[in-house]
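Structure first, then comments.
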Amino acid sequence: MVEELLGLVNRWIEGFGVLSQGWRVGVMIFVMVFATALVAYLMSHLIRAIERKFDKTRNLWDDALLHALRKPVVLFVWLQGVYWAAEVAHHYSKAEVFRANRTVLELGFIWVVVWTLLRLIKQAEKILVSPLKMKRPMDYTTVNAVSKLSRAVVIITAALIVLQSLGYSISGVLAFGGVGGIAVGFAAKDLLANFFGGMIVHLDRPFKVGDWVRSPDRNIEGTVEHIGWRVTTIRTFDQRPLYVPNAAFTTISVENPSRMHNRRIYETIGIRYADMSEMATIVSEIRSMLENHEEIDTGQTLIVNFVAFNNSSLDIMVYAFTKTTQWVRYHEIKQDVLLKISEIIESHDAEVAFPTRTLHLPDGIQVSSPEARESEGRAAPSQNQTAEKAESAGQAK
């Protein structure tokens, strides 16, 4: 078919008798490349126009499909145009380099399909996690894990098809991979442990990107920034990145404070022993204040009780939960609660206790103040002064 078309065009140009064969080939190749560029330009603008039209519909997946197809379609048009131009050049020049035209076209077509699928996966990922496009957006960590796995499947499948197109036996490659996989498994066991650890994190989802996590077993605490297949990136509270191998999460305990329902206020407040008579009233008013506080969750455990005779104080336990889980807001509420407890204690002429000691002395022993000792020293002459006066009197006699 190609030869017939080329012969027809060649005879038509040859009838004019103004161009040599080399010029005729150059003109045909130029026309084909120009036509390819024109078709690619028109296809790109056509798909853009269809995208703008479909943007007005409620279906999001047609927009994603068109956006994923636009650039690969342009590439496919160029592949076809260059292939036919190379076929023309090969027909007249018989150069060895053009014998690979069909193989290049096959590999290019595989790349177009792979590129389209990768772009479609990326668009689907954006749609599924977007709160603006989905009424109930999916968890970013889960979607990210599925998209990574899908990309890996597409790339591995494409690589096997490319090997088959180049003349390699896929069965031999798979057999070699099975034997080599054993050696690689022993050599890269830590890498594989991290990979499967990342898979477990993606499947079990003990945390997701944006969660505040910490481990009582390790010095790990911060906000999760990225969950990879080898390491998880955690931004510590002093803004330093911490890279934790995923294998660690299979052997340590991980606490996720971001998923708590409430934050706890747990304080022990002591008043003086002298205020024992006001204890019952103070406890009752503190409990009433917490029950009526708008930021305290009364549906959770709430305890206010006199719990202990301490060394220097009578201890009151205050145990309650706030409605908020935000760290900054929690401390504002806790400050308000403690200030109101202080006001309740002061309203009963009581005081918050601090460490003190009482010293009991036997009867008959008195402790005078420094001022009293100083005044007694001025009133009574010292023994030295009395001796001096007696000595001076004897000498006078």
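The values are calculated or read from the model by the stated rules, or taken from the named source; none is laboratory data. Note that the coordinates shown come from a computational prediction; the quantities given were computed from them, not determined experimentally. Here Cβ is always computed from backbone atoms with ideal geometry, including for glycine, and neighbour counts include all displayed protein chains.
Which ones in segment 109-138 are under 22 Å from Ile161 (Cα atoms) and charged (D, E, K, R)?
Result: Arg119, single match.
Please enumerate the residues belonging to segment 137-159 that are over 16 Å from the mean Cα position of the chain (by Cα), surrounded by 15 or more Cβ atoms within 10 Å (Cβ to Cβ) and either among the aliphatic types (A, V, I, L, M) or outside any helix (DSSP H, G or I) (or both).
So the first thing to find is which residues in segment 137-159 are over 16 Å from the mean Cα position of the chain (by Cα), and the list is 137, 146-159.
Then drop every residue that is not surrounded by 15 or more Cβ atoms within 10 Å (Cβ to Cβ), which leaves 146-148, 150-151, 154, 158.
Across segment 137-159, the qualifying residues are Val146, Val154, Ala158.
Taking Ala40 as the residue in question, decide whether it is loosely packed, with under 15 Cβ neighbours inside 10 Å, assigned by TED's automatic domain parsing to the domain that holds Lys133, small (Gly, Ala, Ser) and modelled with pLDDT of 75 or more. No, not satisfied.
Summed over segment 331-366, the residues that are in contact (Cβ under 8 Å) with a residue 12 or more places away in the chain, charged (D, E, K, R) and under 24 Å from Tyr266 (Cβ atoms) give a count of 4. Of the set (1) at pLDDT 95 or above; (2) within 30 Å of Asp211 (Cβ to Cβ), all apply to Trp327 but (1). Among the residues making up segment 33-42, those that are among the hydrophobic types (A, V, I, L, M, F, W, C) and closer than 16 Å to Trp84 by Cβ are Val33, Phe34, Ala35, Ala37, Leu38, Val39, Ala40. Counting only residues that are touching a helix residue (DSSP H, G or I) at 6+ places or on another chain (Cβ under 9 Å), more than 21 Å from Glu106 (Cα to Cα) and hydrophobic (A, V, I, L, M, F, W, C), segment 130-164 holds 6 of them. Residues that are in contact with a Pro (Cβ under 9 Å, 6 or more places away or on another chain), outside any loop (DSSP other than H, G, I, E, B) and at pLDDT below 90 within segment 239-256 comprise just one, Phe249. Scanning segment 243-253 for residues that are surrounded by 17 or more Cβ atoms within 10 Å (Cβ to Cβ) and out of contact with any helix residue (DSSP H, G or I) (no Cβ under 6 Å at 6 or more places or on another chain) yields Val244, Ala248.
For His293, indicate whether it is touching a residue at least 24 places away in the same chain (Cβ under 8 Å) and surrounded by fewer than 13 Cβ atoms within 10 Å (Cβ to Cβ).
For His293, the condition - touching a residue at least 24 places away in the same chain (Cβ under 8 Å) and surrounded by fewer than 13 Cβ atoms within 10 Å (Cβ to Cβ) - is not met.
Please find, within segment 297-335, the residue that is surrounded by the fewest Cβ atoms within 10 Å (Cβ to Cβ) out of those that are part of a helix (DSSP H, G or I) and out of contact with any His (no Cβ under 9 Å at 6 or more places or on another chain). Across segment 297-335, the extreme among qualifying residues is Val328. Against the list (1) assigned to a strand (DSSP E or B); (2) more than 22 Å from Ser215 (Cα to Cα), the condition His293 fails is (1). Looking across segment 223-237, the residues that are closer than 12 Å to Leu191 by Cβ and surrounded by 17 or more Cβ atoms within 10 Å (Cβ to Cβ) come down to Trp229, Val231.
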